[in-house]
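Everything below concerns the one structure shown next.
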Amino acid sequence: MKCDPGGYETELSLVYNQFKSSVELFTQQASFNFTSVVNGGVGGDVTVAKDLGDRAMFLAHVTPFYPAKLGGYPSELVEFLRSSARVLPSALRVTVTQALILLLNRKIIAIKETLGLFMELQVLSDKTLKILAFTHVIHSIRRMNQKHKNETENRALQSILFSMLQQEDENKAMRALVTVCDLHRRKVWFDDRAANAICRACFHPSSRIMIAALSFLLDYEKIEQEGDSDESDDEEEAVHQSHVVVSKEAIYKANNTGTTSSKKKKKAKLQRVIRSMKKQQRISSDRDSNSNYYSPLSSLKDPQGFAEKLFSRLQTCSERFEIKMMILKVVARTVGLHRLVLLNFYPFLQKYAQPHQRDITNLLAAAVQACHDMVPPDAVEPLFKQIVNQFVHDKSRTESIAVGLNVVREICLRIPLLMTEDLLQDLVQYKKSHEKAVSSAARSLISLFREICPSLLIKKDRGRPTDPKKKPKAFGEVTIPSDVPGADLLRDDDGNDDVSDASDDDDHSIGTLGEEDANSEDDMSTHDGGSEMNSDGDEDDTLMGSDEDEVSEDEDEDDSGSGSDEDDVKSIDGMSIDSHGSDKVRGQKRKFVDFDDQIDSASQSLRALKRLAGAKSEYDDTSGAKVENEDTSDVTDGILSNEDFRRIKELKAKKDAKLALANHGILKKASDPKSEPFRVPSSDQLSLKRVDGYTLEANIRKKMTKEERKALIKAGREDSVKYQSKAAVKQKKTGGLSNKQKEHKKAMPIAAKRSKIERSKRQKKIKQRGADKQFRGRKAWK
């Protein structure tokens, strides 16, 4: 029929009429509420149901070849499933559904006309049919949006599913929610409409729908992290490799100084630094592009109304404790993500802030998440004092003190105005505790306040590299940027690069380290807030500095221009011009006569041209004497070119590289007061950060039960081999003989046997001669 459609029209009409009569019979029994269609009706006969399924599949195959005669066949199939699906046998339902899917795949019928039917088929108590219908809906919508987004079709399909999601029927609403969540997770419907529909499902009358929506909102970030880990690390590193920078001194030490074992340790440390820096750069770039750190909660159209409505449901609901905790986490996440002001939320948390409270760490993590700089400190102060009084005292357990100090640190990181000097002095005393969890938590609190407000600490806790005048912002204070971010780095740039790119072709050793790092899968974080930084710095991070000084001194002696030692230097686009008319590029000085070459090289940068003009006006071309001009002291007017922005990006990467090396102990921090142990994240970064309960329990070693200890001992015994003597092992040996056993059995010629006997006799005589002289002790009579 596919090869010659015109020659089989009679057979087609016969099969089509038989299909119609069978469908009419099944439809009549369904309309009469024939409950025993499967048992006593036509469906009870297996052959009748099988013949109908075969005819349906046959007609679906030949429909494209008979568009005129079978034009109404798809609509008849849809109507048959919609009216009689509940009373049909399971095998017949699946076969007819497969025939309909075949028509949909050949684009004879649109998905918009059958989406409601496939959602209703998922409600039936037929597992095979449910999986088939759900898989078809997901794949068809994905295929529709594979090349480009069809917004018209997507909106029509979304309206069908969203209306079904708001229905009172729990089963239909659940299937619609599962479909929308799966499409959103696969980033097919990754828009605000789908995200808001999922969030609105939290207010569904059915608790099952509410729990499913809350679970999706809470676990979405974990799903994202799992999806990111499946991606190829090589592609990510290829994209971000050009920004990874490390110190030349660290590379030199890792390859040339020390013993073999120490070199291995230094190389391993350097690899960890490279991995951590790549991870931080990837995270920062993803945060800038908003591709990662996405949650459906960030797309809410009315986040304040959503949080208030959900919090009112939390106060009035009578669900079990786990459901209340889920609602609490979603409210806290919304408040922290959008930096909302929900003042009634903190007294509600205060009632449950007790050490004996069930799931207290997750509750405290929600309290931390709900704190941000837009909340008045007076509203959070009662909750803050409750946590300090209930968790941090001498009679409390070690776990409670450690969790309390960690929560205090996280809250003060977001609202530093809550901390007073007396309270901080009391909390800092726990650094002398013999418990590691408590002491590390107290030291992390010290490290935090060294950065945000060192004046609250006593002098010995402040450390050297701190600004004593630094204080946190007052409530409501906003810093308005008056300059381009990073322009201060450009002004302070002196051209001395002691940091090199990891992708530099000249540096073979770090290239090999980068290749080894591309194959490794584990990442290490650059710094932990709970660790105390070592503030001793007695090594400079400059390499080749002395060599550059020697070169400059030698050339100054050979130069016979003037005898002055103090020369005013003006940097011109990465070069330095002194009063002798010499320019220095990366430690090497060269002489130039005119500015033509410099103008050609600086033609791409407006800022470089202005610096060049300022330097030209300062110096006389003939005599080289400096011209007094006070107006050219500031050659920059705030206009930056693309080259300047690239330079700012490089300087930021170098600054992060020094910081990462210092944190990992490879590069010791200099005595410069500007070098910071770690960077305090901004309020936007804190709002995106997710706080989990297990992070508040860092370094806490929980005591194992007797059963856990027994299981650990047994697991250790399983690996060890049962003790046996060597003879028993040899007897059980199933392999070949040893070399000694082979020698004993080896057939030797007579001459070799005689020589072996003579050799053994000579060795015995030699042993006997020296037997008397083997005594090496002290004689008793001497």
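The values are calculated or read from the model by the stated rules, or taken from the named source; none is laboratory data. Remember, it's a predicted structure, so these values are computed and weren't measured experimentally. No Cβ is skipped: glycine too gets one built from the backbone with ideal geometry, and neighbour counts run over all protein chains shown. We work out accessible area using only protein heavy atoms, side chains counted, and drop any ligands, DNA or RNA first. Shrake-Rupley method; radii C 1.70, N 1.55, O 1.52, S 1.80 Å.
Of the helices (runs of 4 or more DSSP H) contained entirely in region 441-529, those carrying at least 2 residues that are hydroxyl-bearing (Ser, Thr, Tyr) and modelled with pLDDT under 80 fall at 508-519. Scanning region 111-143 for residues that are among the small types (Gly, Ala, Ser) and modelled with pLDDT of 90 or more gives GLY116, ALA133, SER140.
Cβ-Cβ contacts under 6 Å between residues 6 or more apart (or on different chains), taken from a first residue in region 53-75 that is under 14 Å from MET1 (Cβ atoms) and free of Cβ contacts under 8 Å to residues at least 60 places away in the same chain to a second residue that is hydroxyl-bearing (Ser, Thr, Tyr) and buried (at least 16 other Cβ atoms within 10 Å of the Cβ), are listed as LEU59/TYR73; THR63/TYR73; LEU70/THR63. Picking from residues in region 44-68 that are part of a helix (DSSP H, G or I) and of a type in the set (Asp, Glu), the one that is modelled with the lowest pLDDT is ASP51. Taking the criterion of being more than 22 Å from GLU79 (Cα to Cα) and among the hydroxyl-bearing types (Ser, Thr, Tyr), the only residue of region 115-173 that qualifies is THR152. Scanning region 165-190 for residues that are within 17 Å of ARG142 (Cα to Cα), assigned to a loop (DSSP other than H, G, I, E, B) and touching a residue at least 24 places away in the same chain (Cβ under 8 Å) yields ARG186, VAL188, TRP189. Looking across region 720-746, the residues that are surrounded by fewer than 10 Cβ atoms within 10 Å (Cβ to Cβ) and over 54 Å from the mean Cα position of the chain (by Cα) come down to ALA727, GLN731, GLY736, ASN739, LYS740, HIS744, LYS745, LYS746. Within the set LYS765, LYS730, LYS753, the sole residue that is out of contact with any Pro (no Cβ under 8 Å at 6 or more places or on another chain), part of a helix (DSSP H, G or I) and modelled with pLDDT under 80 turns out to be LYS730. For region 408-425, indicate whether the set of residues that are open to solvent by 40 Å² or more (accessible area, probe 1.4 Å) and hydroxyl-bearing (Ser, Thr, Tyr) is non-empty. Within region 408-425, one or more residues are open to solvent by 40 Å² or more (accessible area, probe 1.4 Å) and hydroxyl-bearing (Ser, Thr, Tyr).
Put simply, of LEU129, LEU102, LEU115 the only residue that is open to solvent by less than 10 Å² (accessible area, probe 1.4 Å) and farther than 17 Å from PHE26 by Cβ is LEU115. Looking across region 338-397, the residues that are farther than 21 Å from ARG690 by Cβ and touching a Ser or Thr at 6+ places or on another chain (Cβ under 6 Å) come down to PRO355, PHE391.
Table: residues versus (1) basic (Lys, Arg); (2) within 17 Å of the chain's Cα centre (by Cα); (3) open to solvent by 30 Å² or more (accessible area, probe 1.4 Å); (4) at pLDDT 80 or above.
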position	(1), (2), (3), (4)
ILE211	no, no, yes, yes
ASP219	no, yes, yes, yes
ASN256	no, no, yes, no
GLN280	no, yes, yes, no
SER285	no, yes, yes, no
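The condition of being under 30 Å from the mean Cα position of the chain (by Cα) and without any contact (Cβ under 8 Å) to a residue 40 or more places away in the chain holds for only one of VAL331, VAL368, that being VAL331. For region 69-93, give me each residue that is open to solvent by less than 20 Å² (accessible area, probe 1.4 Å) and outside any loop (DSSP other than H, G, I, E, B). Hits for region 69-93 are TYR73, PRO74, LEU77, VAL78, PHE80, LEU81, SER84, LEU92. Residue check: is LEU124 open to solvent by 10 Å² or more (accessible area, probe 1.4 Å), hydrophobic (A, V, I, L, M, F, W, C) and assigned to a loop (DSSP other than H, G, I, E, B)? The answer is yes for LEU124. Restricting the first member to region 129-150 and to residues that are over 19 Å from LEU81 (Cα atoms), and the second to residues that are assigned to a helix (DSSP H, G or I) and hydroxyl-bearing (Ser, Thr, Tyr), the beta-carbon pairs closer than 8 Å and six or more apart or on different chains are ILE138/THR179. Is it fair to say LYS714 is closer than 30 Å to CYS412 by Cα and at pLDDT 75 or above? No.
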